[in-house]
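Structure record follows, encoded as structure tokens.
Each reported figure results from applying straightforward, stated rules to the coordinates on display, with no laboratory input. Bear in mind that the values here come from a model prediction, so they are computed numbers and not experimental data. Please note: Cβ atoms are built from the backbone with ideal geometry, for glycine as well, and neighbour counts cover all protein chains shown.
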Amino acid sequence: MAYDKFKVLKSTAVPMPIENVDTDQIIPARFLKAIERKGFGDNLFRDWRYNQDNTPKEHFVLNNPIYNGKILVGGKNFGSGSSREHAAWAVYDYGFRCVISSFFADIFRNNCLNIGVLPVQVSEEFLEIIFKAIEADPKTEFEINLPEQTISVLGANATESFQINTYKKENLLNGFDDIDYLLNIKDDIESFAESSPL
Amino acid sequence: MKKTLFDKVWDSHVVRKVDNGPDVLFIDRHLVHEVTSPVAFLGLKNRNIKVLYPERTFATADHNTPTINQHLPVKDPLSANQLKALEVNAKSHNIPYWGLGHEKNGIVHVIGPENGITLPGSTIVCGDSHTSTHGAFGAIAFGIGTSEVEMVLATQCIMQPKAKSMRITVTGELNEAVTPKDVVLYIISKLSTSGATGYFVEYAGDVFENMSMEGRMTVCNMSIEMGARGGMIAPDEATFAYVKGREYAPKGTEWDKAMSYWKELKTDEDAVFDKELNFNAADIEPMITYGTNPGMGVGISGGIPNAASIDGGAATYMKSLQYMDFNEGEDLLGKKIDFVFLGSCTNGRIEDFRAFAKIVKGRKKADHVTAWLVPGSHKVEEAIQQEGILDILTEAGFELREPGCSACLAMNDDKIPAGKYAVSTSNRNFEGRQGPGARTLLASPLVAAAAAVTGRVTDPRELKTLESV
Ligand code: SF4
């Protein structure tokens with residue numbers, strides 16, 4: 001599925017300083033029954049966000065209008081657990097284009113990259129700086145510069161660079177996906193398959 | 001260069017390397033289920049392409065299926081719709097489809113090995129993180145997201161960088177009542193849920209060599225819970241004996257050819273791993289979890305640790321205990337429980353039912369406990385009947401349900417009610433995993449059985465003693 005190109009993102013951020021946020025929290029299994037990729041944002045963090053009677057939980061960060069923006073900042077080991085890409089869809093569909101953490105679970109990171117959400121891994125120290133900056137002023141803006149591979153806290157003179165593999169970076173910058181690439185080398189794949197018994 | 005088992009299998013499947021990018025990895029077999037595939041099939045439709053190798057693709061319905069009255073139409077319209085979508089997609093792409101009621105139906109990671117789809121030295125993927133289960137056969141097997149499901153359907157390849165390698169060696173003799181589940185829960189409790197992130201794990205040492213194939217599957221299954229991409233165990237005589245004669249396994253000269261490849265599948269003596277960990281079998285007790293991730297486990301007779309003794313965020317730790325309504329320092333033994341779940345791709349195989357039956361035999365289910373016993377497949381169900389296990393269970397007041405993922409992820413009606421405690425043989429104790437507000441204690445089938453008959457967290461070794469008195 002093609003997605004929007006990602007270059008430079010400037011936005012405020014939503015803080016979620018909790019560790020080990022797993023994909024069952026991001027999108028509980030009972031919301032995985034759709035056969036299309038639609039409407040997952042409504043159920044992002046469903047059980048943390050709503051009471052059982054569907055009224056919003058006052059203290060949850062997504063229900064606090066002070067915090068908004070296209071960046072979600074999570075604690076260490078974000079996205080562990082199930083491989084459900086629905087978790088990344090929910091993040092995207094809610095309006096986030098970037099997730100920041102000091103550590104990501106593998107499959108979640110991959111899923112994000114495959115749908116055009118940029119996972120930015122920062123150091124523990126920088127993550128602290130980000131959380132503090134938002135705490136001091138929820139209107140703090142951040143700049144994620146993909147070509148330069150940097151993340152900055154605007155107005156605070158704090159910048160850190162982040163890693164991303166060159167191939168994935170190109171894909172994101174251009175809005176391509178892996179399938180486009182693979183379909184292009186189909187002949188190679190087919191001759192490989194012939195030499196590979198079932 | 002000396003190679004690890006992982007290197008050998010990975011390298012032999014690389015179609016090409018992308019400069020400064022991932023490898024293009026050829027996938028031998030792709031398992032598909034109803035939940036993570038519909039959007040992938042939709043993607044094929046939008047691109048106007050067909051599944052490239054339907055004969056390498058197998059579909060089953062398991063995540064979203066009821067575990068009672070499977071002969072009746074599925075009640076929940078959304079679930080029914082999703083199941084229908086898989087059936088239609090499988091038919092239109094000529095993929096074998098083992099839907100509800102089919103004799104080969106069951107949990108995707110149980111039926112793969114059972115039918116000989118899972119083979120040593122192969123690459124296997126599925127849109128489900130516990131695909132790591134198949135690593136028990138010396139395969140590279142891991143979970144993928146839906147974009148990748150589409151990718152494999154379309155091209156039989158995925159694009160991923162090669163993971164780092166880790167070897168976890170456990171040696172020595174296991175204590176009484178310590179099962180493969182305890183071994184893996186122990187390892188996760190030492191590594192935490194992110195301790196192996198970025199790695200592919202090889203399990204080595206006599207503990208794994210002496211394990212049955214079912215036990216190896218339980219261990220590899222939970223590799224993902226320590227963050228690993230997957231886990232694998234070198235194939236040996238036990239592996240070959242398990243695979244031989246199964247429906248999709250090679251036969252005749254094909255078998256001989258395969259065997260000559262499979263026998264090479266061992267880590268070279270001097271191969272170097274990026275990380276090595278060693279554990280002693282003697283240190284492992286029957287395990288149980290008390291928190292909201294699988295790393296929060298302890299020996300059953302140990303209490304709940306104090307926040308101060310835990311690495312990492314105390315706030316996250318306390319939030320987790322609060323969810324469980326547990327206190328620091330409390331004992332787990334004797335805690336009253338409400339539900340028992342025996343099943344899932346971790347512990348829903350015949351060996352697990354044998355273990356459970358061993359404990360409940362001649363005892364009675366505790367009155368206040370609701371027990372859901374869910375075989376991993378129809379073949380497991382059949383074996384339970386044939387081996388007389390069903391009689392033991394019935395006698396003790398238990399009922400058997402029909403195969404499926406069931407309360408492991410609670411997508412169907414099998415949900416543990418809010419606030420209730422469940423001792424579960426599945427793999428995840430995340431908040432709400434087994435139903436909104438459900439509280440899960442992960443354990444082995446023996447610990448689950450002991451809880452089912454006493455209604456409390458009980459050390460299975462105690463029941464054994466009672467028996468001999
Ligand atoms: S039993 Fe649980 S872990 Fe296994 S495939 Fe089903 S949902 Fe996934």
Based on the Cβ-Cβ distance of residue A:143 and residue B:18, what FRET efficiency does E = 1/(1 + (r/R0)^6) give at R0 = 22 Å, to the nearest 0.05?
0.15
As a check on your grasp of the helix formula, calculate [θ] at 222 nm for chain B: sum -39500 (n - 2.57) over DSSP H runs of n ≥ 4, divide by the residue count, round to the nearest 500.
-9500 deg cm²/dmol
Run the paramagnetic zone check for residue B:318: 7 angstrom along Cα to Cβ, then residues of region A:16-46 with backbone nitrogen under 14 Å.
none
Sequence of A:16, B:259 once ranked by neighbouring C-beta atoms within 10 Å, starting from the fewest:
B:259, A:16
If each residue's Cβ is checked for other Cβ atoms within 10 Å, how do B:171, B:131 rank with the fewest at the top?
B:171, B:131
Per-selection Rg to Rh, region B:111-257 - Cα, Kirkwood hydrodynamic radius:
0.98
Could you give the length gained by full extension between residue B:173 and residue B:464, i.e. 0.36 nm per residue of separation minus their alpha carbon distance, to one decimal place?
102.8 nm
Hey, can you grab everything whose amide H is under 5 Å from the amide H of residue B:232? Only 5+ residues off in sequence or another chain; H modelled, so Pro and N-termini drop out.
B:201, B:202, B:203
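Take peptide A:15-22, look around each residue's Cβ out to 10 angstrom, count Cβ atoms belonging to other protein chains, and average those counts. Before the final figure, lay out each step's value.
Working: counts 0, 0, 3, 4, 10, 14, 2, 9.
Averaged over the peptide's residues, the number is 5.
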Return the percentage of antiparallel bridges among DSSP beta bridges fully within chain B, rounded to the nearest 5 %.
25 percent
Among residues other than residue B:278 whose Cβ falls under 12 Å from its Cβ, what is the net charge (Lys/Arg +1, Asp/Glu -1)?
+1
Cα extents of region B:370-469 along the three principal axes, largest first, in whole Å?
41, 31, 20
Could you compute Rg(Cα) / (2.2 N^0.38 Å) for chain B, with N its residue count?
0.94
Exposure proxy order (Cβ contacts within 10 Å, fewest to most) of B:33, B:13:
B:13, B:33
Assuming 0.890 mPa s and 25 °C, estimate D for the protein assembly as shown with Stokes-Einstein, Rh taken as the Kirkwood radius over Cα pairs, in µm²/s.
98 µm²/s
Quick one: divide the alpha-carbon radius of gyration of region B:289-462 by 2.2 N^0.38 Å and tell me what you get.
1.01
Percentage of Cα-Cα pair distances in region A:34-123 greater than 21 Å, rounded to whole percent?
30 percent
How much of the DSSP beta bridge set in chain A is antiparallel, as a percent to the nearest 5?
50 percent
For region B:289-462, give the share of DSSP beta bridges that are antiparallel, in percent and rounded to the nearest 5; count only bridges with both residues there.
15 percent
Quick one: net charge of residue B:306's neighbours, Cβ under 14 Å, K/R +1, D/E -1?
-4
With r defined as the distance between the Cβ atoms of residue B:246 and residue B:46 and R0 fixed at 35 Å, what FRET efficiency is calculated, to the nearest 0.05?
0.45
Residues of B:37-43, mean number of Cβ from any other protein chain within 10 Å of their own Cβ, rounded to a whole number?
4
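Over the alpha-carbon set of region B:200-335, divide Rg by the Kirkwood Rh and report the Rg/Rh ratio to two decimals.
Taking Rg over the Kirkwood Rh, I get 1.10.
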Consider just the alpha-carbon atoms of region A:8-195 and return their Rg together with their Dmax, both in angstrom.
17.7, 61
Spin-label point model (7 Å from Cα, Cβ direction): what's the residue A:63 to residue A:191 distance in nm?
6.1 nm
Which distance in nm do the two modelled labels at residue B:330 and residue A:54 give, with both placed 7 Å along the Cα-to-Cβ direction?
3.4 nm
Under 5 Å between amide hydrogens, which residues at least 5 positions from residue A:50 or on another chain qualify, with H placed 1.01 Å from N in the peptide plane?
A:57
For helix B:146-155, what angle does its Cα long axis make with the longest principal axis of chain B, in degrees from 0 to 90 and rounded to 10?
30 degrees
Within a 10 angstrom radius of each residue's Cβ in B:189-196, how many Cβ atoms of other chains show up on average? Whole number is fine.
3
Length gained when the stretch residue B:364-residue B:206 is fully extended (0.36 nm per residue, less Cα-Cα span)
53.3 nm
How do B:448-460, B:241-253 rank on mean C-beta neighbours within 10 Å, highest first?
B:448-460, B:241-253
Label residue A:8 and residue B:269 with points 7 Å out from Cα along Cα→Cβ: what is the distance between them in nm?
5.9 nm
Helix axis angle, B:350-360 relative to chain B longest principal axis, alpha carbon, degrees:
0 degrees
Alpha carbon centroid spacing (whole Å) that separates region B:381-456 from region A:45-67
31 Å
Cα centroid distance between region B:332-360 and region B:266-316, in Å?
21 Å
